Amino acid sequence: MQRVPPGRIARLIYPVGFYRTKARAIRAICRDLLGRFGGRVPDEIDPLLTLTGVGRKTANLVVTMGYGKPGICVDTHVHRISNRLGYIRTKTPEATEMALRARLPRRYWIGYNDLLVAFGQNVCTPLRPRCSACPVRPLCRRVGVTASR
């Protein structure tokens, strides 16, 4: 990867948002993995967070999907829906991760993100969620919902 120009990497990952920035980060991560970790991807969150461009969501994704270890990937859907349901009350994705780690049974951690992403894209949308079609409407506190369909 160190021999692949950033422009080539950018073209290969073009459909991804911020593809130029991510292409540079990929090269930097590869350099760090070789130089600091002997070419092996760490299997714990803290060392992963030291890599350029790796945040908590990505670190959790690597740990859960790459190593099968428990973790909670918190993206915009997980953060929004967990709060909207009234299951937790947090202001930031990091606070959401910590609150979910404390409250959600460990056996649900890995699948939680997958469950809520599709739900958040199709039913519990950021603006005007489809509450009339929501299968969990009777359980939802609708925190922050001012208009729905």
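Each reported figure results from applying straightforward, stated rules to the coordinates on display, with no laboratory input. These numbers come from a predicted model, not from an experiment. Heads up, the Cβs are rebuilt from the backbone with ideal geometry, glycines too, and the neighbour counts pull from every protein chain shown.
Only residues that are closer than 19 Å to V62 by Cα, out of contact with any Pro (no Cβ under 6 Å at 6 or more places or on another chain) and either crowded, with 16+ Cβ neighbours inside 10 Å or not polar (S, T, N, Q) (or both) were counted across region 73-108, and they come to 13.
Please find, within region 68-118, the residue that is farthest from D46 (Cα to Cα) out of those that are among the small types (G, A, S) and part of a helix (DSSP H, G or I). Only one residue tops the list, namely A118.
When the residues of region 114-142 are filtered to those that are of a type in the set (K, R) and exposed (fewer than 13 other Cβ atoms within 10 Å of the Cβ), the one that is farthest from H79 (Cα to Cα) is R128.
Residue count for region 12-65, restricted to those that are part of a helix (DSSP H, G or I), of a type in the set (F, W, Y) and exposed (fewer than 13 other Cβ atoms within 10 Å of the Cβ): 0.
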